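This report refers to the structure that appears directly beneath it.
The values are calculated or read from the model by the stated rules, or taken from the named source; none is laboratory data. Predicted model only: the values in this text are computed from it and were never measured. Because the Cβ atoms are built from the backbone with ideal geometry, glycine has one as well, and the counts that use them run over all protein chains shown. These accessible areas exclude ligands, DNA and RNA; they are computed on the full protein's heavy atoms, side chains included. Shrake-Rupley method; radii C 1.70, N 1.55, O 1.52, S 1.80 Å.
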Amino acid sequence: MELQMKVAQAVHVLNHDSQSCNRVAANQWLVQFQQTDAAWEVATSILTSNYHQQFVSDFEVEFFAAQILKRKIQNEGSYLQMGAKDALLNALLLAAKKFSLGPPQLLTQICLALSALMLHAVEHGKPIEKLFCSLQSLENHDEGTIAVLEMLTVLPEVVEDQNTDHRTSSAQRREYGREEQLLSHTSVVLEFLHRQSDKSFDSSIQLQGRHRKILRCLLSWVRAGCFSEIPPSSLAGHPLLSFVFNSLQVSSSFDLAIEVLTELVSRHECIPQVLLCKVGFLRDILLLPALSSGDETVISGLACFLSEIGHAAPSLIAEASPEAFVLTDALLSCVSFPSEDWEIADSTLQCSLASFILGLDVDSGENVKSVKVLFFPVFSVLLDALLLRSQVDDSTFYGDGVMVDLPDSLEQFRMNLTELLVDVCQLLGSTAFIQKIFLGGWTSNSLHIPWKEVEAKMFALNAIAEVNITEAQEIDFSFVIHLVTILSSRPRDDAKGFMRLVYKSAAEVVASYSKWISSCQTNTRSLLLFLATGISEPLCSAACASALLKLCEDATAPMHEHSSLEILLWIAESLDERHLPLEDEEKVVSAIALLLGSLPNKELKNNLLARLVSPCYEAIGKLIDENQDHSLRHNPASYSQFVNGARRGLHRLGTVFSHLVTESSTGSDLDDPLIPLLGVFWQMLEKLFQSEHIGNAVLSMAACRALSQAIQSSGQHFTFVLPRVLNCLSTNFVSFQSHDCYIRAASVLIEEFGSREEYRHLFVSIFERFSKSTSIMALTSSYICDQEPDMVEAFANFTSIFVRCSPKEVLVVSGSILELSFQKAAICCTAMHRGAALAAMSFMSCFLETGLNALVESLAHGSELESIVGISDSSIDAMAIQVISHSGDGLVSNLMYALLGVSAMSRVHKSATILQQLAAMCSLSERTTWKAHLCWDSLHGWLHSSLSTEFTS
């Protein structure tokens with residue numbers, strides 16, 4: 001009794017004490033108590049005795065006791081002696097009878113414990129059958145019937161948990177497997193539920209509660225597959241099916257009845273046919289009154305149920321029987337129902353009739369065509385309903401906040417709706433679908449435009465863009481053009497609130513159909529002004545920037561008009577005021593640079609390009625202006641603004657260069673617009689590289705990005721300043737060794753000019769400076785590599801490019817540096833960071849492949865001489881053999897470590913390739929004068945040493 005009181009007090013403290021430390025202490029004590037043997041007796045006593053503690057809720061203590069027994073039975077029940085199990089079984093049956101009238105949560109816990117106990121009683125043989133015998137004694141008492149219902153409700157769930165529990169032996173699973181025992185009692189359970197459903201009670205509340213309990217129990221057994229034991233011919237007239245159907249007309253049991261019917265429909269092929277005949281009754285008796293009164297519970301439930309019928313048996317609906325059209329009519333009513341939430345409309349999307357009709361065998365010919373004709377009106381009305389329900393609600397429409405987002409439920413509905421819209425478009429045909437979109441006479445009166453409707457139609461038009469583009473339909477886009485004209489003529493201040501969504505949706509349509517729109521006789525000026533306005537707004541800037549890029553790609557001729565060019569330059573010159581995200585700004589600059597680069601008039605092209613980049617040069621010039629450098633340092637806010645401006649200027653310059661290609665490889669063409677641009681660019685960039693400002697990591701990254709893009713676009717025009725560029729990159733990396741962007745920029749230089757022999761001493765020099773820098777030399781463990789994964793990846797990529805692009809003489813001269821890099825890569829391949837490790841492996845594989853190719857070539861030459869090959873000390877294969885012989889032990893050891901570490905599967909392929917290449921080098925070296933340095937025994941020794949170390953550790 002004393003321990004029982006302590007438990008009650010601890011439960012009270014846990015649930016009600018205001019001091020968190022007391023609650024933590026009580027919880028710890030209760031956790032420890034649950035693990036003791038005394039917990040069995042105390043918990044059983046609490047549930048079966050009439051002991052009451054005045055200051056604590058009886059329910060809380062009793063619920064805790066039931067949970068203790070349930071957990072202990074699940075974890076330790078198999079260790080109980082037979083006598084203890086029998087005593088516990090009787091106690092739980094007594095508790096179930098005692099609490100049969102409530103509280104329901106407590107009864108559920110007791111029944112869960114009782115079910116778990118019976119399933120652990122395998123030594124009795126057929127435990128579920130024993131449990132059913134025990135339940136018969138409970139059923140003989142009125143209050144025991146509720147306990148039996150709850151017991152039967154939780155039993156399938158407990159059996160399922162036991163079957164999936166890894167601690168359950170295969171012998172136990174066979175004893176109480178669902179197929180062997182549980183479902184064999186289906187007839188008993190269904191007969192019991194039938195008897196309970198026929199009983200009447202004095203209290204309507206009691207009747208409602210009983211109905212819900214019966215339905216919950218039936219639902220549990222339906223999920224377990226009980227109706228699979230009943231012949232399909234008997235299902236239609238089964239009394240419990242009638243009981244469930246009748247329960248739909250009782251508000252208190254409607255939701256559970258819907259769950260049961262939906263579960264039945266999804267599990268049994270014959271059920272949809274049975275229920276389809278009753279859809280007319282449900283529509284007239286339940287759905288229509290609910291639609292009139294706005295009862296969303298009934299509408300939502302029926303929408304889910306009817307959709308499930310269509311999803312489970314689309315072929316049945318496609319037969320176009322009168323009952324099928326009643327179902328489609330009812331579903332259309334649910335879709336069209338106006339609600340502040342979109343859950344009802346969303347639930348109807350589960351019906352897969354449209355995709356089923358589209359998937360009908362094309363060999364059916366006329367039959368398929370007739371089905372489409374029969375259902376054409378249905379899907380036409382469905383499209384109207386979907387366009388209506390995809391509109392925003394009033395709160396979104398009238399909101400005028402800075403950011404206007406779609407409600408989450410509407411956004412989810414639209415995401416789920418996209419696939420159906422594509423199916424409907426294919427069923428109706430693009431022409432009929434788009435006629436629905438463009439339907440409406442508001443275009444003649446711009447003062448009373450239903451903007452909610454317009455925005456929803458733009459969403460739908462964009463959703464089917466892929467279908468229309470694939471089918472290459474000729475579409476009249478006068479609707480969109482007129483819309484854009486209206487929007488472009490509105491004051492800029494009107495692009496706020498919901499109108500931002502309109503701009504966004506319209507811009508997405510322009511981007512999706514840019515080829516068609518550009519081919520129309522359209523007002524390009526209005527289109528550009530519309531996009532310029534939208535670009536300034538955060539919500540629609542990305543869509544408008546993408547649309548501008550697509551138009552400049554597809555509508556070259558209209559964009560070459562003087563007015564269009566002026567608007568484009570005006571957009572570019574106002575970018576600093578717009579404060580766009582960098583990705584959106586890049587799209588805008590890409591669009592303009594792409595268009596200017598295609599201008600046939602070279603003088604005009606050069607002038608406009610100069611205007612385009614002029615603000616970029618000005619932004620960089622402001623930062624590196626020595627006259628105001630001192631004042632900037634004393635004003636952090638202004639300095640940050642200047643740095644950000646220079647960063648954006650560099651980003652734009654890089655984007656411009658990436659879209660311009662040099663017109664002459666000799667540099668003699670003075671009309672090439674890149675030549676003057678590059679001259680000014682390098683002067684400013686060199687000054688920036690040599691300034692103190694370049695210590696800013698973001699600024700360094702922007703400068704290196706712009707330099708890389710300029711190099712990739714400039715061809716040979718950059719060779720004049722190549723030594724100075726390399727010097728700036730290596731010097732700045734030594735000064736700021738955390739800035740891996742300098743190594744990445746140097747990689748671009750090597751890739752572009754690595755084959756030029758006149759620069760090989762420069763490339764060897766910069767390779768040596770990088771390799772022997774403090775940050776690279778510090779890569780001595782996988783832990784350090786994981787601290788600087790970007791640095792590892794940048795250096796590994798640089799070395800790979802160096803090996804791939806350098807002449808043979810350069811590689812031979814760089815043997816010692818390559819050996820050092822190879823050893824660092826072997827360490828880096830063990831890093832947990834996947835990108836860094838794979839980059840290191842790629843370099844090692846690239847080096848081995850180069851050495852292997854050179855060795856094969858030497859052997860081929862040696863075979864012609866019919867002698868053992870004597871490899872020259874100044875050859876690539878000799879250098880490669882020397883590197884491998886010095887580094888092979890560490891390479892193999894680290895490869896084995898990498899294959900035993902985190903993310904090992906991602907490294908298997910590259911590790912296998914490296915080992916194959918290494919084996920090939922060892923095998924081929926046997927035939928050369930270098931076999932004393934590298935042979936099969938070398939590889940065998942490395943593998944033996946590595947595996948011995950790994951297994952020992």
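If you wrap a convex hull around the Cα atoms of the stretch 555-609, how much volume per residue is inside, in Å³? Per residue, the Cα convex hull of the stretch 555-609 comes to 74 Å³. For Glu757 and Ser519, the difference between the fully extended length at 0.36 nm per residue and the C-alpha to C-alpha distance is 80.6 nm.
Projected label points at Thr48 and Asp476, each 7 Å from Cα along the beta carbon direction, are separated by 8.6 nanometres. Ligands, DNA and RNA left out, the accessible area of the chain computed with a 1.4 Å probe is 52% carbon and sulfur. Net charge in the neighbourhood of Ser352 (other residues with Cβ under 12 Å of its Cβ; Lys, Arg +1, Asp, Glu -1) is -3. The long axis of helix 478-489 is offset from the longest Cα principal axis of the chain by roughly 70 degrees. By the rule of a C-alpha distance below 18 Å, with chain neighbours fewer than 8 residues away ignored, the lysines paired with Lys452 are Lys436, Lys496, Lys504.
So if each residue of separation counts as 0.36 nm, and I subtract the Cα-Cα distance between His16 and Asp86, what length gain in nm does that give?
Answer, rounded to one decimal: 21.6 nm.
Put Lys452, Lys496 in order of accessible area, highest first, and with a 1.4 Å probe you get Lys496, Lys452. Note on Lys808 and Asp937: the extension gain reaches 43.6 nm, defined as 0.36 nm multiplied by sequence separation minus the Cα-Cα distance. For a straight C-alpha distance cut-off of 22 angstrom, the lysines reachable from Lys605 (same-chain residues fewer than eight places away being disregarded) are Lys550, Lys587. Sorting Thr850, Thr799 by accessible area puts them as Thr850, Thr799; the probe is 1.4 Å, largest comes first, and only protein heavy atoms count. In this structure, Ser292 and Ser234 have a Cβ-Cβ separation that, at R0 = 41 Å, corresponds to a calculated FRET efficiency of about 0.65. For the stretch 214-263, the normalised intensity computed at q = 0.14, 0.32 Å⁻¹ comes to -0.32, -1.31 (log10 of I(q)/I(0), Debye sum over alpha carbons, equal scatterers, no solvent). Structure note, pairs Lys772/Lys910; Lys70/Lys98; Lys6/Lys98: Cα-Cα distances above 21 angstrom occur for Lys772/Lys910; Lys6/Lys98.
Each peptide in 892-898, 148-154, 270-276, 392-398 receives the mean, over its residues, of other Cβ atoms within 10 Å, and ordering these scores from highest gives 148-154, 892-898, 270-276, 392-398.
With K and R counted +1 and D and E -1, the other residues having a Cβ less than 12 Å from that of Val298 yield a net charge of -2.
Along the Cα-to-Cβ line of Glu561, 7 Å from the Cα, sits a label point; which residues in the stretch 500-537 have backbone N less than 14 Å from it? The answer is 518-530. Suppose R0 equals 56 Å; then what is the FRET efficiency for Ala38 and Ala860 from their Cβ-Cβ distance, rounded to the nearest 0.05? For Ala38 and Ala860, the calculated efficiency is 0.10. Taking label positions 7 Å along the Cα-Cβ direction at both Glu768 and Phe281, the computed distance is 9.5 nm, reported to one decimal. Computed with a 1.4 Å probe on the full set of protein chains, the accessible area for Cys133 sits at about 80 Å².
Along the positive direction of the dipole of the chain (beta-carbon charges: Lys, Arg +1; Asp, Glu -1; about the Cα centre), which of Val31, Leu539, Met701 reaches farthest? Checked the options; the winner is Val31. Measuring spread by the Cα atoms of the stretch 788-864 yields a radius of gyration and Dmax of 13.8, 49 Å. A 1.4 Å probe run over the protein chains yields, for the chain, 44 Å² of accessible area per residue, whole-number rounding.
Here the Kirkwood formula, the inverse mean of 1/r across different C-alpha pairs, assigns the stretch 534-662 a hydrodynamic radius of 15.4 Å.
With Cα atoms as the point set, the chain shows a radius of gyration and Dmax of 38.7, 111 Å. In this simple spin-label model, placing a label point 7 Å from the Cα along the Cα-to-Cβ direction at both Asp394 and Leu439 gives a separation of 2.6 nm. Here r is the Cβ-Cβ distance between Ala778 and Glu343 and R0 is 41 Å; the resulting FRET efficiency, rounded to 0.05, is 0.10.
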